[in-house]
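Have a look at the structure below before the remarks.
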Amino acid sequence: MAKLTYNFPIGLNEIFAEFNEIGFGYSSFNQSINLKSSINLPSSNYTYGSKYIVSLLGKDSNPLVNQTVSIVFAGKTYNLKTDSNGKVSINITLKPGTYKVTIKNPDTLEEKNQSIKVLKRITENKNLVMYYGAGSSYKVRVYDDYGRIAKNVTVKFKINGKTYSRKTNNNGYAYLKISLKPKKYAISATYKGFTVKNNVTVKSTVITKNVTKKKATTIKFTTKLVNSKGKILKYKYIKFKFKSKIYKRKTNAKGIATLSLKNLKRGKHVIYSTYGKLTIKNIIRVK
């Protein structure tokens with residue numbers, strides 16, 4: 001009897017043996033041995049807040065239960081106990097990038113390396129600039145734990161002190177329609193602990209300026225009117241409110257309406273310009 005001890009590599013191994021001795025004749029032996037890995041590596045793509053889960057087997061090919069496994073994950077060493085299914089997991093809270101993982105099975109002594117990619121859970125978020133009433137939307141694209149498009153999941157948007165919930169469509173997009181008054185706003189979108197932030201600038205369609213003038217017989221206050229696409233609006237009426245009185249003035253070919261104010265006293269005066277649902281407040285200072 002001949003005996004050979006050898007540590008075969010994982011995978012398919014071919015064994016061939018032959019015997020040829022005078023007086024005994026010739027004999028040969030050929031066999032394939034397929035050695036399975038005792039470390040089952042998971043997917044290589046992840047997103048923030050997901051879990052990296054590894055399954056391990058013992059020498060008996062059964063799940064490696066209640067054993068401490070050493071994992072070097074993104075340069076940090078973790079000593080984790082396997083559960084009843086031979087699994088250990090690590091919560092991923094890393095920034096987007098590529099990281100190296102090394103796992104060693106304490107029972108079989110097998111060691112495996114893996115490179116994983118941590119991807120952004122939310123993408124395509126951009127600053128938004130729009131005119132009042134344009135009906136524009138702030139949009140984001142969302143991904144699941146393994147970097148695949150996340151369909152029909154809830155994204156939380158926060159803007160102007162309020163939180164809104166919106167579902168993603170079949171392409172992973174979630175939209176929040178902006179219906180706010182002219183101003184610059186901070187906006188955020190959050191999904192599974194991952195947050196992106198941007199600015200939303202709503203530009204006024206009633207364009208005015210504060211006025212400072214020396215005392216004069218007549219002071220002219222002008223307002224320019226544009227539509228939700230920024231194009232001038234000709235021959236439309238703007239309503240002015242000054243000292244409890246209402247005045248209506250029509251815009252000219254350049255979209256400008258002018259209100260002439262006479263004999264204003266020195267000091268600060270408040271004026272309001274209104275078109276549709278939008279009212280803008282300004283100050284007229286007379287020196």
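What follows is calculated from the coordinates using simple rules that are stated; it is not laboratory data. Quick caveat: nothing in here was measured; it's all calculated off a predicted structure. Neighbour counts are summed over all protein chains in view; Cβ atoms, including those assigned to glycine, are modelled from backbone coordinates with ideal geometry.
If you run the Gaussian network model on the chain, springs between alpha carbon atoms under 10 Å, then out of ASP145, ASP83, ASP60 the most flexible one is ASP60. A simple spin-label model places pseudo-atoms 7 Å from Cα toward Cβ; at TYR78 and ILE232 they are separated by 6.4 nm. Calculated translational diffusion coefficient of the chain (10 °C, 1.306 mPa s; Stokes-Einstein with Kirkwood radius over alpha-carbon pairs) equals 61 µm²/s. Here the average projected area of the convex hull drawn through the C-alpha atoms of the stretch 168-287 stands at 10.6 nm². Which pairs, out of LYS209/LYS262; LYS177/LYS234; LYS239/LYS281; LYS126/LYS192, put more than 22 Å between their alpha-carbon atoms? Pairs exceeding 22 Å: LYS177/LYS234. Enter the Cα centre distance for the pair the stretch 131-150 and the stretch 158-193, rounded to the nearest angstrom. Going from one Cα centre to the other spans 8 Å. In this rough spin-label picture, where each label sits 7 Å from Cα along the Cβ direction, the ASN171-LYS209 distance is 4.2 nm. The stretch between LYS197 and LEU278, if pulled fully straight at 0.36 nm per residue, gains 26.4 nm over its current Cα-Cα span.
The alpha carbon centroids of the stretch 196-240 and the stretch 244-270 are separated by 12 Å.
Across the chain, C-alpha contacts under 8 Å between residues 6 or more apart give a mean separation that, scaled by the residue count, equals a relative contact order of 11 percent. For the options ASN66, ASN45, ASN152, a Gaussian network treatment of the chain with springs between C-alpha atoms closer than 10 Å singles out ASN66 as fluctuating the most. Each pair of Cα atoms in the stretch 39-119 enters the Kirkwood radius, and Stokes-Einstein at 10 °C and 1.306 mPa s then converts it into a translational diffusion coefficient of 125 µm²/s. Remark on GLY58: its backbone amide H falls under 5 Å from those of LEU64, a criterion applied only to residues 5 or more positions apart or on other chains, H modelled at 1.01 Å from N. Cβ crowding within 10 Å, taken as a proxy for footprinting-reagent exposure, orders SER37, SER84, SER50 from fewest neighbours to most as SER84, SER37, SER50. Diffusion coefficient of the stretch 111-201 by Stokes-Einstein, Kirkwood radius over Cα pairs, 10 °C, 1.306 mPa s: 113 µm²/s. Counting beta carbons within 10 Å around each of ARG249, ARG266 and listing the fewest first gives the order ARG266, ARG249. In the chain, which longest range has no chymotrypsin sites (Phe, Trp or Tyr not before Pro) that are both DSSP loop (not H, G, I, E or B) and surrounded by at most 14 other Cβ atoms within 10 Å? The answer is 25-145.
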